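Please read the structure below before turning to the comments.
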Amino acid sequence: MFKISTKYHFDSAHFLPGYKGKCANLHGHTWTIRVTIAGDKLNLTGILVDFKEVKEKLKQQCEYLDHKVLNNVLPATIKPTAEGIAEWLFYDFNDFLFHHYHKVAWIDNIRVYESPESYAEYSDGIQRRK
């Protein structure tokens, strides 16, 4: 299996309703998002997927969240935590890959770093190998 990975970052704020502690208050992070794509076969050029396309999709996702209060822009069903953001981005990215690389490549995981030392990772756990 081949895997490629790229990352992008953005700045935004959030607060955690119901949390007992400082994070219940509005505060900001410089978030780093890392997406990893997997697949079994390379194309005729010898690549899994085009890094340019993956980077552009990730940039679009991050720009949507950049300099916003995440509580105000994420769907109401998504908690504005690193875990919630990872899950939301995962499925959005998965839709992109399905339309562009159907059955050739899939998203392996998304990591959402809220600091250089702390991240949440989401993967749906489905083995897509053929």
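Key figures
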| item | result |
| --- | --- |
| Helical mean residue ellipticity (222 nm; -39500 (n - 2.57) per DSSP H run of 4+; nearest 500) of the chain | -9500 deg cm²/dmol |
| Relative contact order, percent, the chain [alpha-carbon distance under 8 Å, six or more residues apart] | 30 |
| In degrees, nearest ten, helix 82-101 long axis to first principal axis of the chain (Cα) | 30 |
| Cα-based convex hull, the chain, per residue volume (Å³, whole number) | 111 |
| Of 22/68; 68/103; 20/59; 41/79; 59/79; 22/59, those spanning more than 25 Å from alpha-carbon to alpha-carbon | 68/103; 20/59; 41/79; 22/59 |
| Rounded tilt (10° steps) of 51-65 against the dominant C-alpha axis of the chain | 20 |
| Integer Hz, Karplus 6.51/-1.76/1.60 couplings in order for region 18-25, x for Gly and Pro | x, 7, 9, x, 4, 6, 6, 8 |
| Which of 81, 45, 30, 6 has the fewest Cβ neighbours within 10 Å, and the rest in rising order | 45, 30, 6, 81 |
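Where a number appears in this text, it was derived from the coordinates with a stated rule and is not lab data. Note that the coordinates shown come from a computational prediction; the quantities given were computed from them, not determined experimentally. Heads up, the Cβs are rebuilt from the backbone with ideal geometry, glycines too, and the neighbour counts pull from every protein chain shown.
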